[in-house]
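Trainee: One structure, pasted below without further comment.
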Amino acid sequence: MAFEKTPSGTRGARGPAGSNAFMRFISRLMIRQHRRSGDRFMGMDLLYLTTIGAKTGQKRLTPVTRFPDADDSWLVVASSAGAARNPSWYHNIAAHPDQVWVEVAGRQLRVTAEQLDGAPRAEAWQRIVASQPRYAGYQQKTDRILPVIRLSAAQTSDSPPTTTE
């Protein structure tokens, strides 16, 4: 599947400082906490996105805010809270669009990722900011267009790779 990446911006919120190994450690702790709290964070529903690293080829697990779409499909926004750069998981999906899985409410499934453009993106964006107005603020912080991705259950239901980070 073709996946056209949007470019990074020239301004935006500052991302967290620290090494990738440290950030993965913190992410694992946060995932544990999110799962205990019913897969929610700051009033937002989460899904756990598994991708294959664009540079490393290793499995990467990332909690991402989800917005309901059709049956067995969700919208996610590559916002990085309004940072100038797209998040790593976005680059991973672009590099390996056929190797994306989600865990939602304890169910793991392979998904197809589709970046929305034009009218479908505008309609989805309106639903996203109506549900979580903070995303409008994220868009104001940066000059890049925040990618909106539809994750839809794929026809195959194979599990994500079992290697650990």
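Laboratory data are not the source of any read-out in this text; all were calculated from the coordinates shown. Quick caveat, the model's predicted, so the values are computed rather than measured. Using ideal geometry, Cβ is built from the backbone for each residue, glycine included, and neighbour counts are taken over all protein chains shown.
Trainee: Can you work out the FRET efficiency for the pair MET30 and ALA81, with r the C-beta to C-beta distance and R0 = 22 Å, to the nearest 0.05? Each step should come with its number before you reach the end.
Mentor: Values: r = 14 Å, r/R0 = 0.65.
With a Förster radius of 22 Å, E is 0.95.
Trainee: Also, quick follow-up: What Kirkwood hydrodynamic radius do you get for the stretch 82-137 when you take the inverse of the mean 1/r over all pairs of distinct Cα atoms, in Å? The partial results should precede the final answer.
Mentor: On the way: mean 1/r = 0.0745 Å⁻¹.
One over the average 1/r among Cα pairs gives 13.4 Å for the stretch 82-137.
Trainee: How long is the gain from THR56 to SER37 if the chain were fully straight, where each residue apart is worth 0.36 nm and the alpha carbon distance is subtracted? It would help to have the intermediate numbers written out before the result.
Mentor: Working: separation 19, 0.36 × 19 = 6.84 nm, distance 3.09 nm.
Answer, rounded to one decimal: 3.7 nm.
Trainee: Which net charge results when you count Lys and Arg as +1 and Asp and Glu as -1 among the other residues whose beta-carbon is under 14 Å from that of ALA70? Could you put the intermediate results ahead of the total?
Mentor: On the way: positive: ARG66, ARG127, ARG150; negative: ASP69, ASP71, ASP72, GLU114, GLU123.
Result for the local shell: -2.
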